[in-house]
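**Q** One structure is given below, represented as structure tokens, and several questions about it will come after.
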Amino acid sequence: MHPAAEALIAELQAEAPATRRVLERVPGDHLDWRPHPKSMSLGQLAQHVASLPGNISQMASFDGLDAATLDFEQTPADSCQALLATHEASLAQACDYLASLSDESATEPWRLSHGDREVFTLPRIGLLRTLACNHLYHHRGQLTVYLRLLDVPVPVVYGRSADENPFAATAGAEA
């Protein structure tokens with residue numbers, strides 16, 4: 001296994017509890033809600049977050065992709081329970097794929113095009129870092145904003161949130 005793939009597995013597993021906490025807060029009765037007409041619905045965004053690692057791993061298994069052939073419309077989640085199951089399966093799929101990456105396949109170029117135009121080419125492991133991790137964190141952050149706008153308590157992701165403080169003294173503990 002490529003050392004960077006091993007590091008990405010560890011990172012995805014370390015980030016999974018925070019992603020789970022955010023997905024657990026998604027209110028099932030607001031899956032159609034969207035903050036703006038141009039925005040994804042809550043159900044679409046949550047489904048995107050839950051499925052990203054596995055979807056990107058599946059994309060990375062090819063030599064590249066033509067974005068002109070893709071449908072970027074995200075299918076919304078059916079329920080909050082389905083989101084959690086999707087997240088678990090997606091995480092397992094990504095970790096399995098990363099564990100199978102040889103040094104050679106990790107460093108092979110991966111190309112995104114749009115028709116005849118090249119959008120970017122980067123090593124496969126770079127694609128996984130950028131889209132399976134960074135892209136996930138970006139959309140998870142968006143999801144916490146959706147929660148705030150719906151007045152749902154935002155869970156801890158890194159450090160504290162305005163609703164949860166893991167550093168606060170607990171009741172009965174000395175300050």
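The values are calculated or read from the model by the stated rules, or taken from the named source; none is laboratory data. It should be emphasised that the depicted structure is a prediction, and the values quoted were computed from it without experimental measurement. Here the Cβ positions follow ideal geometry from the backbone for every residue, glycine too, while neighbour counts run over all protein chains shown.
**Q** Can you confirm whether residue 94 is under 20 Å from the mean Cα position of the chain (by Cα) and closer than 26 Å to residue 18 by Cβ?
**A** yes
**Q** Here's something else I'd like to know. What number of residues in region 16-45 are hydrophobic (A, V, I, L, M, F, W, C) and out of contact with any helix residue (DSSP H, G or I) (no Cβ under 6 Å at 6 or more places or on another chain)?
**A** Residues that pass the stated criteria total 2.
**Q** Considering only residues of region 148-163 that are modelled with pLDDT of 90 or more and within 23 Å of residue 11 (Cβ to Cβ), which is surrounded by the fewest Cβ atoms within 10 Å (Cβ to Cβ)?
**A** It comes out as 158.
**Q** Something else: When you scan region 68-76, do you find a residue that is of a type in the set (Asp, Glu), over 14 Å from the mean Cα position of the chain (by Cα), closer than 27 Å to residue 121 by Cα and surrounded by fewer than 21 Cβ atoms within 10 Å (Cβ to Cβ), even just one?
**A** Looking for residues that are of a type in the set (Asp, Glu), over 14 Å from the mean Cα position of the chain (by Cα), closer than 27 Å to residue 121 by Cα and surrounded by fewer than 21 Cβ atoms within 10 Å (Cβ to Cβ), one finds at least one in region 68-76, hence yes.
**Q** Quick one: which residue in 65, 23, 42, 31 is surrounded by 17 or more Cβ atoms within 10 Å (Cβ to Cβ), over 16 Å from the mean Cα position of the chain (by Cα) and at pLDDT 95 or above?
**A** Just one listed residue meets the conditions, 31.
**Q** Given the condition in a helix (DSSP H, G or I), of a type outside the set (A, V, I, L, M, F, W, C), over 15 Å from the mean Cα position of the chain (by Cα) and surrounded by 12 or more Cβ atoms within 10 Å (Cβ to Cβ), answer yes or no: does some residue in region 128-141 qualify?
**A** No, region 128-141 contains no residue that is in a helix (DSSP H, G or I), of a type outside the set (A, V, I, L, M, F, W, C), over 15 Å from the mean Cα position of the chain (by Cα) and surrounded by 12 or more Cβ atoms within 10 Å (Cβ to Cβ).
**Q** Scan region 136-161 and report the pairs whose first residue is more than 16 Å from residue 20 (Cβ to Cβ) and whose second residue is aliphatic (A, V, I, L, M), with Cβ atoms within less than 6 Å and a gap of 6+ or a chain change.
**A** 146/42; 148/154
**Q** If we scan region 123-141, do we find a residue that is touching a strand residue (DSSP E or B) at 6+ places or on another chain (Cβ under 6 Å) and either among the small types (Gly, Ala, Ser) or closer than 22 Å to residue 41 by Cα (or both)?
**A** Among the residues of region 123-141, not one is touching a strand residue (DSSP E or B) at 6+ places or on another chain (Cβ under 6 Å) and either among the small types (Gly, Ala, Ser) or closer than 22 Å to residue 41 by Cα (or both), which makes the answer no.
**Q** Separate question: What tally of residues in region 146-170 results from selecting those that are closer than 30 Å to residue 37 by Cα, assigned to a loop (DSSP other than H, G, I, E, B) and hydrophobic (A, V, I, L, M, F, W, C)?
**A** 6
**Q** Take region 21-48 and flag every residue that is in a helix (DSSP H, G or I) and under 15 Å from residue 152 (Cβ atoms).
**A** Residues satisfying the conditions are 21, 22, 23, 24, 28, 29, 30, 42, 43, 45, 46.
**Q** So how many residues does region 93-121 have that are surrounded by fewer than 14 Cβ atoms within 10 Å (Cβ to Cβ), among the aliphatic types (A, V, I, L, M) and part of a strand (DSSP E or B)?
**A** 1
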